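The values are calculated or read from the model by the stated rules, or taken from the named source; none is laboratory data. Since we're looking at a predicted model, the values are computed, not measured. All Cβ positions, glycine included, derive from the backbone under ideal geometry; neighbour counts span all protein chains shown. Heads up: the accessible areas ignore ligands, DNA and RNA and are worked out on the full protein's heavy atoms, side chains in. Shrake-Rupley method; radii C 1.70, N 1.55, O 1.52, S 1.80 Å.
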Amino acid sequence: MRSIDEITNSRRLRRMRKADWSRRLVQENKLTVDDLIWPIFLVEGENQKQPVDAMPGVERLSVDMAVEAAKQASDLGIPLLAPFANVPLEKKDTTGSHILDEDNIIHRATIAIKNAVPEIGVMTDAALDPFTSHGHDGVLRDGVIVNDETVDIIARAAALQASAGADIIAPSDMMDGRIGAIRDALDSADHEDVAIMSYATKYASAYYGPYREAIGTSGLLKGDKKTYYIDPANTDEALRETEQDILEGADMVMVKPGLPYLDICRRVKDTFQMPTFVYQVSGEYAMIEAAAANGWVDGDRVMVESLLAFKRAGCDGILSYFALRVAKDLQGQ
Ligand code: PBG
């Protein structure tokens, strides 16, 4: 009989790594095009493709160009688009009232995309920040973001977005009680089939900088968002937030940002077994692109590796500005 020591010594973990076929055979996680959600930026006008300085390769698109992008995404098999709006200054006010305008760019883009490319899903954000003059996600009164008044507006906005054809409402604001209020508003407007992906754990993160340039809120934001987003130091609180949103009716939950918060992805997935998503945010994209542009890392490989890390951490899908590029890669284009 061989001793335990002898048996242990004969174990060779490199055996299954020796060839491409055996590595493929034992691979535990796979990234596919079905995992991708593509956030896009919208801007007024026609035939517009405006580069975003801090996000090389990302452009703000006018509605007509967004429709073209949606066709491209759909042809590549990307399941879901998430449009975000760059709203002209003159449309912004302290309560973000333009979010309730049926003719705002989110509604126009949703209608146009669903008309032209009905087979792709559209997920809209019901948060106020693109529409407020101060860049906050809520009504600002005497220096305070007023919770319940904000929730009322968000819930009405969600119903309007659903009426424009949104398939999923994804509120990114972190107000208390918004998921339940949105569910009620959707159901009473006969939108029982419209789902909710809650930004259940959204951290007060410095990684959002380039996004604010893209939607034009960076110069506007007064102060920070620490009274409503989660402290990056906390993880139990992330679970309480997620549980609350599930109890209020979230169909899917999200963690944001991504790579620095993989521990949260794993804990959320293990605790709740919900469809769990992650947002690889603008700062993460910018960091990879900047290093790649300097020749410091292989951008394509870091891109794919970072996305695979989310799968490994238990995520069912990923919002990523790389979505189109990686979909082309995966389809061999
Ligand atoms: C705000 C919102 C943010 C992002 C999307 N919606 C954060 C913020 O501006 O505070 C960030 C997305 C990204 O960085 O890619 N509701």
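Report note on the peptides 34-44, 165-175: ranked by the mean count of other C-beta atoms within 10 Å, highest first, their order is 165-175, 34-44. Between the amide H of Ile196 and those of Ile169, Asp251, Met252, distances stay under 5 Å, these residues lying 5 or more places away or on another chain, with hydrogens modeled in the peptide plane. Between the residues Tyr208, Pro260, Thr242, the greatest Cα displacement towards the positive end of the dipole of the chain, with unit charges on the Cβ of Lys, Arg, Asp and Glu, is found for Pro260. For the chain, the solvent-accessible area works out to 46 Å² per residue, with a probe of 1.4 Å and every protein chain left in place. Against the chain, whose longest principal axis comes from its Cα atoms, helix 299-312 is set at around 90 degrees. For segment 215-257, evaluate the Debye formula with one uniform point scatterer on each Cα (no solvent term) and list log10 I(q)/I(0) at q = 0.14, 0.26 Å⁻¹, rounded to two decimals. With no solvent term, the Cα-only Debye profile gives -0.47, -0.97.
Looking only at trypsin sites (Lys or Arg not before Pro) in DSSP loops with at most 12 other Cβ atoms within 10 Å, what is the longest site-free stretch of the chain? Result, exposed sites excluded: 31-221. Think of segment 29-330 as a dipole: +1 on every Lys or Arg Cβ, -1 on every Asp or Glu Cβ, centred on the Cα centre; then among Ile78, Ile182, Gly135, Ile78 lies furthest on the positive end. In whole angstrom, segment 196-274 maps to an equivalent ellipsoid with semi-axes of 24, 13, 12, each derived as √(5λ) from the alpha carbon gyration tensor and ordered largest first.
For the pair Asp298 and Lys71, a Förster radius of 22 Å applied to the C-beta separation gives a FRET efficiency near 0.15, rounded to the nearest 0.05. Relative contact order for the chain: 18 percent, from Cα pairs under 8 Å spaced at least 6 residues apart, divided by residue count.
Summary value for segment 217-313: 23 percent relative contact order, contacts being C-alpha pairs under 8 angstrom separated by 6+ residues. Above 28 Å, the calculated P(r) of segment 196-333 contains 21 percent of its Cα-Cα pairs.
Taking the DSSP beta bridges with both ends in the chain, the antiparallel portion is around 15 percent.
Each Lys and Arg adds +1 at its Cβ and each Asp and Glu adds -1 at its Cβ; summed about the Cα centre, the chain shows a dipole of about 1900 debye. In terms of its C-alpha gyration tensor, segment 128-280 comes out oblate, because a/c is 1.5 or above while a/b does not outweigh b/c. Under the combined filter of DSSP loop state and at most 15 neighbouring Cβ atoms within 10 Å, segment 166-271 retains these GluC sites (Glu not before Pro): Glu192. The magnitude of the dipole of segment 1-145, with charges of +1 and -1 set on the Cβ of Lys/Arg and Asp/Glu and taken from the Cα centre, is near 1480 debye. For segment 29-330, the C-alpha radius of gyration divided by 2.2 N^0.38 Å, with N the number of residues, is 0.92.
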